[in-house]
Amino acid sequence: LWASFRGRRLGGRELPLPPGYRGVVLRGGEPGEPPLGEPGHLQAGWVTVTGAFEAITDWGADTAPAPGRGLARALQWGPLAQAV
């Protein structure tokens, strides 16, 4: 994946989340405040879940990050911690 930010070239690599993990997008607000977006979003206290994702993009300056380093390596810790 290629993009630019403030004129600088970025290379990206999409990384799937580990099995059993799911990313969520949250919106903070006051208790009892109706959630934004589509109906059916969960609201717990003052945080509303507004979306979910199964993969995350790791970005690097001028080139895509190397496999097995940085964020890719960090995503290995969840399953490892559960095993221990």
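If the chain linking residue 66 and residue 3 were pulled fully straight, counting 0.36 nm for each residue of separation and taking away their Cα-Cα distance, it would gain 21.0 nm.
State the extension gain, in nm to one decimal, for the chain segment bounded by residue 50 and residue 25, taking 0.36 nm per residue of separation less the distance between their alpha-carbons. Mind dumping the intermediate values first?
Numbers: separation 25, 0.36 × 25 = 9.00 nm, distance 0.55 nm.
Result for the pair: 8.4 nm of gain on full extension.
Amide H to amide H distances under 5 Å link residue 57 with 15, where only residues 5 or more positions off or on other chains count and H is placed in the peptide plane.
Readers should treat all values here as calculations from the given coordinates under stated rules, not as data from a laboratory. On a predicted model such as this, the values are computed, not experimentally measured, just so you know.
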